[in-house]
1. Distance from a point 7 Å along Cα→Cβ of ALA152 to each backbone N in the range 232-271: keep the residues under 14 Å and list them by number.
2. Quick check on the chain: helices-only [θ] at 222 nm, where DSSP H runs of length 4 and up contribute -39,500 (n - 2.57) each and the sum goes over total residues. Nearest 500, please.
3. Using modelled amide H (1.01 Å from N, peptide plane; none on Pro or chain starts), what sits under 5 Å from the amide H of ALA189, excluding residues fewer than 5 places away?
4. Give the Kirkwood hydrodynamic radius (Å, one decimal) of the chain, defined as one over the mean of 1/r across all pairs of different Cα atoms.
5. If each residue of separation counts as 0.36 nm, what is the full-extension length gain between ALA41 and HIS388 once their alpha-carbon separation is subtracted?
6. Summing Lys, Arg as +1 and Asp, Glu as -1, what charge do residues with Cβ under 10 Å from the Cβ of VAL281 carry, VAL281 excluded?
7. Starting from 0.36 nm per residue, how many nanometres of slack lie between TRP59 and SER26 once their C-alpha separation is accounted for?
8. So if each residue of separation counts as 0.36 nm, and I subtract the Cα-Cα distance between ARG204 and HIS160, what length gain in nm does that give?
Amino acid sequence: MPQTPAFQDAARRIMARCDELARYTSMEGGIERVYLSPEHARVNRLASRWMREVGLDTWQDEAGNLNGHLDGKDPEAPSLLLGSHLDSVRDAGRYDGILGVLMAIEVVRALKPRSKDLRFGLDVVAFWDEEGARFGTALLGSSAMAGQWNPAWWDLTDEHGTSLRTAFREFGLDPGRVAAAARRPESLAGYLEAHIEQGPDLDRSNAPLGVVTSIASARRFSVQILGEARHAGGTRYEDRHDALLGASEATLAVERLCRAEHHIVGTVGRLETFPGAVNVVPGEARLTVDLRGEHDDDRDRVWADISRSIDEIAGRRGLRWNATQIHEAPAVWCDGLLQDVVRAGIEDTARGEAPSMFSRAGHDAMAIGAITGVGMLFLRNPDGISHHPDESVSLADVETGLRAMTATVEHLAREAA
Ligand code: HGY
Ligand code: MN
Ligand code: MN
C-alpha cells in the first residue's frame, strides 16, 4: 500500500475537488445540482477528466451516470464497482455523495500500480439522481444500472412541469435506450461506497469510520388535503374547512407517531397551500412525507397509523385527503463478506474498533443491491449535519477513510483468490 504522504496528498486533492465541485450549482449563494441539468453535464465532463487521470476508461451511460473502468489481471473478469453520486439536494453540503466518488477515484490511483494483480477489474461510477430532488422519486441513475427502471417515471414532472422524458431528450439522452444502462449481475464482483454518515453517531462515539450493516427502507408520499377556500373575514370558524389547519395537524401527527417508535423517522419536508392568498382560508394543502425505518414492516405499520390519524383529522374538520406514493425503496442488508472486509480495512488503518451501524440515510447501494452484494464505509460527519451548507468532514478522516477503503479492496482481492 502507498506510503501515507501519497494518501495525505490524495486527501487534500479530494477536499479541494469537493470545493471545486461546489461551484457547479444552479443556485445563487448555495449548492444545487439536479439530474439532467446543465450542471450535470458540466460536472460529468470534469469528473471524467479526473477519472481518466488515474487510468480509467470513461463513458456516460444511457441514464446519464458517469462510469470508469480499469482492467484487473483478466480483462474478462467481473469488476468491483466503487462510487457514489454527484447530484445534490437544494442548498446542499459539499460532501454528500461527492466524497464517495472522489474517494473511489483515489482508491484506483492508489491501486493502479498493482491493478494487474487484482482478480477483479476496478470500476468507478458517479450516479445521478440519488436524491430525487428534481422529479420526486430517488435513485433513478442507480435504478437504471440495476435494470429496475419503471416506465411510469417518464411522466414525472419537475417544478416547471418538464417531464422526465423531455428532460432526458433535452440532455441528449434517448428514453428508448435507458435499458442499455443496466449492468449484468455477473459483470460485478460487488459494490463499495464511502459516504459521510449523515448522522451524529460516529462523532459522538469519537470514531472516524464505521461499517454499515443495513440501509433504512424508505417511502415517500405526496399528500393532498382538500377543504374549502373562503373569505378570511366573512367566514366564521364553525363554517370553515381549512386545509392548512388539517395539514398542520397531520404534520404533528407524523412527528408524534414516529417519535413513539425506536427506528422510524418521518419528515414533512414541503407544505404548500392554495390559493395561498393572505385573505383566503386555504382550500387545499399539499405536503410531502418522507418515512424511513430499519425494517419495512415497522415502517409500513407506522404509515397505516399516520393514515388513520389523517382520516380522523379530516373527518373532524370536514376535509378530504389522498396520498400518492412517489418513492419506495426496501431496506437493504449489506453483504456479509463486504462488511467483513470493510471492517478489516478500518481496523488496519483506524487503530481501533470499527463500529457497525444501520444507515438512516438512503444510498445508491439500495438500488445496486438488486444486482450485486453491497458494502458501505461511513466517515465521521461532525454533529451529523448534512443536507445543509454546514455539512463537513475532516481532512484527517478523509485520509484515514481513503486508506481504509484501499485496504478493504486489497482484503477483498485476497479473500477470493
Ligand atoms: O435522503 C437521503 O437519505 C439521501 O441523502 N438521499
Ligand atoms: Mn448521499
Ligand atoms: Mn443526500
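1. The answer is none, because no backbone nitrogen lies closer than 14 Å to the label point.
2. Working: 11 runs with 144 residues, N = 417.
Computed ellipticity for the chain at 222 nm equals -11000 deg cm²/dmol.
3. The list, which skips near neighbours in sequence, is SER79, LEU80, LEU81.
4. Numbers: mean 1/r = 0.0447 Å⁻¹.
Taking the inverse mean of 1/r over all distinct Cα pairs, the chain comes out at 22.4 Å.
5. Details: separation 347, 0.36 × 347 = 124.92 nm, distance 2.34 nm.
Gain in length upon complete extension: 122.6 nm.
6. Values: positive: ARG230, ARG240; negative: GLU228, ASP239, ASP242.
Local net charge: -1.
7. Here the answer is 9.5 nm.
8. Numbers: separation 44, 0.36 × 44 = 15.84 nm, distance 4.15 nm.
Going from the current span to full extension adds 11.7 nm.
The values are calculated or read from the model by the stated rules, or taken from the named source; none is laboratory data. All values reported here derive from a predicted model rather than from experimental measurement. Ideal geometry is used to build each Cβ from the backbone, glycine not excepted, and the neighbour counts take in all protein chains shown. When the accessible area is computed, the model is the full protein with side chains, heavy atoms only, and any ligands, DNA or RNA have been set aside. Shrake-Rupley method; radii C 1.70, N 1.55, O 1.52, S 1.80 Å.
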